[in-house]
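Report on the structure given below.
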Amino acid sequence: MFHTGLRNPGAVRTEESAEGTDLYFQRCAWCHTTTFQRLLCPTCGSTELSPQLSEGEGVITVRRAHTAAEADLWPIHMAEGFVVRCRVDGPPHAVRPGVRVRLASAADTGRRPVVRLCEEVPLDGWF
């Protein structure tokens, strides 16, 4: 089981989550803002951030200036409202802003989560 973010000691491992990846984000106890791997809430500055399990679905967003080392990372806006930089598993022509993705298994990826495209995008029409 791959954890990114804070570990949730109270989480129960089900058969569904045993095969895939678990992604934990944080929710502020005061203003309910969601965030990812922070020490303080970016909205109110509170330190009372509780870990929660993400559903694992999101959308690729626009990538701003990036270095060569980050060429394979894309910002993913998750359904819960936080943004996380992920590797996207899919054909290069299909990886673009606005495409829906779902968290994938990440046994050999190190610290970065991996997402897969939810829908197949045809190759014709993009060149």
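Just checking, which of Thr34, Thr61 is open to solvent by less than 80 Å² (accessible area, probe 1.4 Å), under 16 Å from Leu23 (Cβ atoms), over 9 Å from the mean Cα position of the chain (by Cα) and among the hydroxyl-bearing types (Ser, Thr, Tyr)?
Just a single option satisfies the conditions, and that option is Thr34.
Look through segment 37-56, keep the residues that are in contact with an Asp or Glu (Cβ under 9 Å, 6 or more places away or on another chain) and in a strand (DSSP E or B), and return whichever of them is most open to solvent (accessible area, probe 1.4 Å).
So, considering only residues that are in contact with an Asp or Glu (Cβ under 9 Å, 6 or more places away or on another chain) and in a strand (DSSP E or B), the one most open to solvent (accessible area, probe 1.4 Å) is Leu53.
Considering only segment 108-123, state which residues are at pLDDT below 55 and open to solvent by 100 Å² or more (accessible area, probe 1.4 Å).
The answer is Asp108, and nothing else.
The values are calculated or read from the model by the stated rules, or taken from the named source; none is laboratory data. Just so you know, these numbers come straight off a predicted model, no measurement behind them. Quick reminder, even Gly has a Cβ in these numbers, built from the backbone with ideal geometry, and neighbours come from all protein chains shown. When the accessible area is computed, the model is the full protein with side chains, heavy atoms only, and any ligands, DNA or RNA have been set aside. Shrake-Rupley method; radii C 1.70, N 1.55, O 1.52, S 1.80 Å.
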